[in-house]
Amino acid sequence: MSKNGERLRHLYKGGKYRALRKRVFWRDGHKCVNCGATHNLTLDHITPRTQDESLFWNEDNCRTLCDECRVKNDLWMIHRGELPRPPRLEGA
C-alpha cells in the first residue's frame, strides 16, 4: 500500500469517523438511499477521497448504502473511469 493510502486508512479507525458515520446513518434513516435496505449498511463517499481528500469529512459528500448497492456503484465508477481498476489477483 502507498504511503498516501496508509496515511488515509487511519482516518477510518478514529472516533471522528465513527461519529460521521453515525450522523449520516441517522440523517438517511438507517436505510440504503438507493434500495431502502436496512442491513449491511456502509458509509459511501459520493466523491471518492482519492479524487478530493478535502471532502472526506463533509457530510454532504456522504450517503448510506448497503453492501450490494455499494459494489454496484463502485463497479459503475470503475467502468466510467472515475475509480481505478483494482489489481488483478495472481492465478485469477
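Summary table below
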quantity: Scope region 53-66; condition modelled with pLDDT of 90 or more and part of a helix (DSSP H, G or I); matching residues; calculated: Glu59, Asp60, Asn61
quantity: Leading residue by the ranking (surrounded by the most Cβ atoms within 10 Å (Cβ to Cβ)) among those in region 1-30 that are modelled with pLDDT of 95 or more and not in a helix (DSSP H, G or I); calculated: Asp28
quantity: Filter pass, Thr42 being touching a Lys or Arg at 6+ places or on another chain (Cβ under 7 Å), modelled with pLDDT under 95 and either on the phi < 0 side of the Ramachandran plot or in a helix (DSSP H, G or I) (or both); calculated: yes
quantity: Criterion violated by Glu82 - all others in (1) assigned to a loop (DSSP other than H, G, I, E, B); (2) at pLDDT 95 or above; (3) charged (D, E, K, R) satisfied; calculated: (2)
quantity: Candidate set from region 31-64 (those that are touching a Ser or Thr at 6+ places or on another chain (Cβ under 6 Å) and closer than 23 Å to Lys13 by Cβ); member that is surrounded by the most Cβ atoms within 10 Å (Cβ to Cβ); calculated: Leu41
quantity: Check on Thr50, outside any helix (DSSP H, G or I) and either modelled with pLDDT of 85 or more or among the acidic types (Asp, Glu) (or both); calculated: no
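The values are calculated or read from the model by the stated rules, or taken from the named source; none is laboratory data. Note that the structure is predicted; figures quoted are calculated from it, not measured. Cβ: placed from backbone, ideal geometry, glycine included. Neighbour counts: every protein chain shown.
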